[in-house]
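> Have a look at this one before I ask anything.
Rule-based calculations on the coordinates, nothing more; no lab input. In this text, all values refer to a predicted model and were calculated from it rather than measured experimentally. Don't worry about glycine lacking a Cβ; one is built from the backbone with ideal geometry, like all the others, and counts go over all protein chains shown.
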Amino acid sequence: MEVVKKYDEPELVLLLKQRSQPIFSYLYDNYSGALHSIILNIVSEEELANDVLQEVFVKIWRQIDSYDSSKGRLFTWMLNIARNASIDTVRSKGYQNS
């Protein structure tokens with residue numbers, strides 16, 4: 001049986017800012033389900049929601065240095081990225097024409 005380490009938020013953020021691949025995988029494994037549910041509530045198409053989820057994790061990876069713990073929790077920051085990406089997708093002309 002494999003032991004999975006749990007990270008507290010400051011440690012998780014620090015390792016993400018250091019561009020740790022295993023931590024990014026940990027983040028995806030632990031948060032993708034919740035973020036996918038949020039995206040699916042807005043986008044409503046499973047395949048498109050999966051695409052948005054991938055975009056969201058790329059944004060998280062690229063923008064982690066802009067995360068400020070004094071403004072809120074990491075999950076809240078990621079949730080806002082997911083929500084905004086979902087809304088942008090729904091507002092896009094391609095989505096409206098489909």
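> Please specify each residue of the range 24-47 satisfying the condition of being closer than 22 Å to Lys71 by Cα and of a type in the set (A, V, I, L, M).
Within the range 24-47, Leu27, Ala34, Leu35, Ile38 meet the criteria.
> What are the residues in the range 48-98 that are part of a helix (DSSP H, G or I), over 9 Å from the mean Cα position of the chain (by Cα) and of a type in the set (Lys, Arg), if any?
Residues satisfying the conditions are Arg62, Lys71, Arg83, Arg91, Lys93.
> Here's a follow-up. It is to be established whether one or more residues within the range 2-11 are assigned to a helix (DSSP H, G or I) and in contact (Cβ under 8 Å) with a residue 40 or more places away in the chain. Full working, then the answer.
Initially, the range 2-11 is screened for residues assigned to a helix (DSSP H, G or I), giving 9-11.
Going one step further and asking which of them are in contact (Cβ under 8 Å) with a residue 40 or more places away in the chain, we end up with 9-10.
Looking for residues that are assigned to a helix (DSSP H, G or I) and in contact (Cβ under 8 Å) with a residue 40 or more places away in the chain, one finds at least one in the range 2-11, hence yes.
> How about the range 40-83: which of its residues are crowded, with 17+ Cβ neighbours inside 10 Å and in contact (Cβ under 8 Å) with a residue 60 or more places away in the chain?
Leu74
> Could you pull out the residue among Ser25, Ser37 that is surrounded by fewer than 11 Cβ atoms within 10 Å (Cβ to Cβ), polar (S, T, N, Q) and in a helix (DSSP H, G or I)? Outline the logic, then answer.
Working: Ser37 fails: surrounded by fewer than 11 Cβ atoms within 10 Å (Cβ to Cβ).
Testing whether each residue is surrounded by fewer than 11 Cβ atoms within 10 Å (Cβ to Cβ), polar (S, T, N, Q) and in a helix (DSSP H, G or I) leaves just Ser25.
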